[in-house]
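Chemist: My questions all concern the structure below.
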Amino acid sequence: MEDKICIITGANSGIGKATALGLAKVNATIVMLCRNKEAGEIAQKEIIEESGNKKIDLLLCDLSSQEQIRSFVDEFKQKYQNLNVLINNAGVMASKRKLSVDGFEMNFAVNHLAPFLLTNLLLDMLKMSAPSRIINVSSGAHKMAKIDFDDLQSENKKHRLFRVYGVSKLALMLFSYELSRKLDGTGVTVNTVHPGVANTNLGRDMSKFGRRFGKLFFKNPEKGAETSIFLASSPEVEGITGKYYIKKQQQESSNESYNEDYAKRLWEISAILTKL
Ligand SMILES: NC(=O)c1ccc[n+]([C@@H]2O[C@H](COP(=O)([O-])OP(=O)(O)OC[C@H]3O[C@@H](n4cnc5c(N)ncnc54)[C@H](OP(=O)(O)O)[C@@H]3O)[C@@H](O)[C@H]2O)c1
């Protein structure tokens, strides 16, 4: 991965940090996109120390703000000429209904609209740097969800965590498949990942019992990062696009995630919501 430039969102914690460390160890240049300066700097220092790789950069951005996403892209493009790997890893599981600064339901804003906007703004660079790879960290929770185009922001229903989170991840799946079709022939691939259930900070809103249970029974973040690292770096997946991976193996995602009409409709709506 020498000479490869990788952006990893949410690289200060959990699976994103483990992914950054794994790719740092194979000598990639890592740009950590994090929202919290202090947490980002602590993780950056740890990754440099543990990998011996000094090419670990930190750029700040809160992905719930579209203005900050646009500033991040401007800053990145001023500093770097290439982008070989984009890992949309950051995610939230907001258990109470919250709105982003742009007025969107938080799970939908961070888990779908943010990767939609960030990726689209970086597409020119990804194409110029081809062959290049986009990896979207989704979740098996997308299988529990149904898209309701009349209520994408989950305004009209009770805020049930796994339904709202699942919808945001289903939207990410639909976006990823549509993007892979649009990028056919460009040398830019797009694949999605379910990292498995890992003990990270994702469940910070859960009960004490839930978090203790997680510590005992869930896999560690390093295991959770293996498929993202594989998709970012392995020659085995060169040219493969539009697939869903679990434990480094291609798997079927939900029937609804393959609905091309839904994917086109969602793309149009997301483009309006992000003013693309
Ligand atoms: N853990 C699991 O069992 C599991 C299962 C399926 C899918 N996933 C997916 O895996 C990905 C990584 O999650 P994780 O489990 O490693 O959780 P985590 O430890 O909570 O890490 C999530 C990362 O995303 C960042 N993030 C959240 N909101 C952000 C925002 N508005 N702007 C910028 N960064 C933001 C967090 O930053 P802060 O540290 O500042 O909050 C953190 O760095 C997520 O997409 C998640 O949905 C996880």
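Chemist: Chymotrypsin sites (Phe, Trp or Tyr not before Pro), restricted to the stretch 61-169: which are DSSP loop and have at most 12 other Cβ atoms within 10 Å?
Modeler: Answer by residue number: F149.
Chemist: Related question: Which of A198, A39, A225 moves most in a GNM of the chain, Cα contacts under 10 Å?
Modeler: In the Gaussian network model the winner is A39.
Chemist: Using each residue's phi in the stretch 97-111, evaluate 6.51 cos²θ - 1.76 cosθ + 1.60 at θ = phi - 60° and report the 3J(HN,Hα) Karplus result to the nearest Hz, with x for Gly and Pro.
Modeler: 5, 9, 10, 6, 4, 7, x, 9, 3, 4, 4, 5, 5, 7, 8
Chemist: Along its principal axes, what span do the Cα atoms of the stretch 28-158 show, with the longest given first and each in whole Å?
Modeler: That works out to 49, 32, 29 Å along the principal axes.
Chemist: For L58, which sequence-distant residues (separation of 5 or more, or a different chain) have an amide H within less than 5 Å of its own amide H, given hydrogens modelled in the peptide plane?
Modeler: M32
Chemist: Hey, another quick one. In the stretch 98-153, how does Rg compare with the Kirkwood Rh, expressed as the Rg/Rh ratio over alpha carbon atoms?
Modeler: Reported Rg/Rh, Kirkwood definition of Rh: 1.06.
Chemist: Whole-Hz Karplus ³J(HN,Hα) for the stretch 129-136, in order, using 6.51 cos²θ - 1.76 cosθ + 1.60 and θ = phi - 60°, x for Gly and Pro?
Modeler: Going residue by residue, I get 8, 4, x, 9, 9, 10, 10, 10 Hz, with x marking Gly and Pro.
Chemist: Test of understanding: express the Cα radius of gyration of the chain as a ratio to 2.2 N^0.38 Å, with N the residue count. Present the calculation step by step, with values, prior to reporting the outcome.
Modeler: Working: Rg = 17.2 Å, N = 276, 2.2 N^0.38 = 18.6 Å.
That ratio works out to 0.93.
Chemist: Using alpha-carbon positions, what is the distance between the centroids of the stretch 2-40 and the stretch 151-195, in Å?
Modeler: 22
Chemist: Excluding residues fewer than 8 places away in the same chain, name every one of the aspartates and glutamates whose C-alpha is closer than 20 Å to that of K275.
Modeler: Output for K275: D62, E67, D74, E75, D102, E105, D124, D150, D151, E178.
Chemist: Give the long-range amide H neighbours of Y244: residues separated by 5 or more places, or on another chain, with amide H under 5 Å away, using H modelled in the peptide plane at 1.01 Å from N.
Modeler: Those qualifying (amide H under 5 Å, at least 5 residues apart or on another chain) are T192, Q251.
Chemist: Follow-up. For the stretch 27-73, report the accessible area per residue in Å² (1.4 Å probe, heavy atoms, rounded to an integer).
Modeler: 49
Chemist: Quick test of the membrane-span-like rule: which DSSP H helices of the chain reach at least 27 Å along their long axis (C-alpha atoms) with mean Kyte hydropathy at least 0.0?
Modeler: Going by DSSP H runs, the hits are 161-182.
Chemist: Within straight cross-link reach of K54, meaning Cα distance under 14 Å, which aspartates and glutamates are found once same-chain residues fewer than 8 apart are removed?
Modeler: Partners found: E2, D3, E41, E46.
Chemist: Here's a follow-up. Counting alpha carbon pairs within less than 8 Å and at least 6 residues apart, what relative contact order, in whole percent, applies to the chain?
Modeler: Reported as a whole number, the value is 19 percent.
Chemist: On to the next question. Within the set K96/K158; K55/K243; K143/K247; K96/K219; K219/K248; K17/K248, which residue pairs have Cα atoms separated by over 21 Å?
Modeler: Where the Cα-Cα span goes over 21 Å, the pairs concerned are K55/K243; K96/K219.
Chemist: On a full-extension model of 0.36 nm per residue, what is the gain between R204 and A271, subtracting their alpha-carbon distance, rounded to one decimal in nm? Don't skip to the answer; put the middle values down first.
Modeler: Details: separation 67, 0.36 × 67 = 24.12 nm, distance 3.07 nm.
Once the chain is fully extended between R204 and A271, it gains 21.1 nm.
Chemist: With N denoting the number of residues in the stretch 1-76, provide Rg(C-alpha) divided by 2.2 N^0.38 Å, to two decimal places.
Modeler: The reported ratio for this selection is 1.02.
Chemist: Give the accessible surface of the stretch 122-262 per residue, rounded to a whole number of Å², with probe radius 1.4 Å and ligands, DNA and RNA excluded.
Modeler: Numbers: 7180 Å² over 141 residues.
Averaged over the residues of the stretch 122-262, the accessible area is 51 Å².
Chemist: Okay, next question. Out of the trypsin sites (Lys or Arg not before Pro) in the stretch 40-114, which ones are loop residues according to DSSP with at most 11 other C-beta atoms within 10 Å?
Modeler: Here the sparse-neighbourhood loop sites are K54, K96.
Chemist: Further, regarding this structure: At q = 0.20, 0.27 Å⁻¹, what is the log10 ratio I(q)/I(0) for the stretch 149-210, with the Debye formula run over Cα points and no solvent?
Modeler: So the normalised log intensities are -0.94, -1.15.
Chemist: A further question follows. Can you tell me the convex hull volume per residue for the stretch 127-259, based on C-alpha atoms, in Å³ to the nearest whole number?
Modeler: 124
The values are calculated or read from the model by the stated rules, or taken from the named source; none is laboratory data. Worth saying up front: this structure is predicted, and the values here are computed from it rather than measured. Note that each Cβ is placed from the backbone with ideal geometry, even for glycine, and that neighbours are counted across all protein chains shown. We work out accessible area using only protein heavy atoms, side chains counted, and drop any ligands, DNA or RNA first. Shrake-Rupley method; radii C 1.70, N 1.55, O 1.52, S 1.80 Å.
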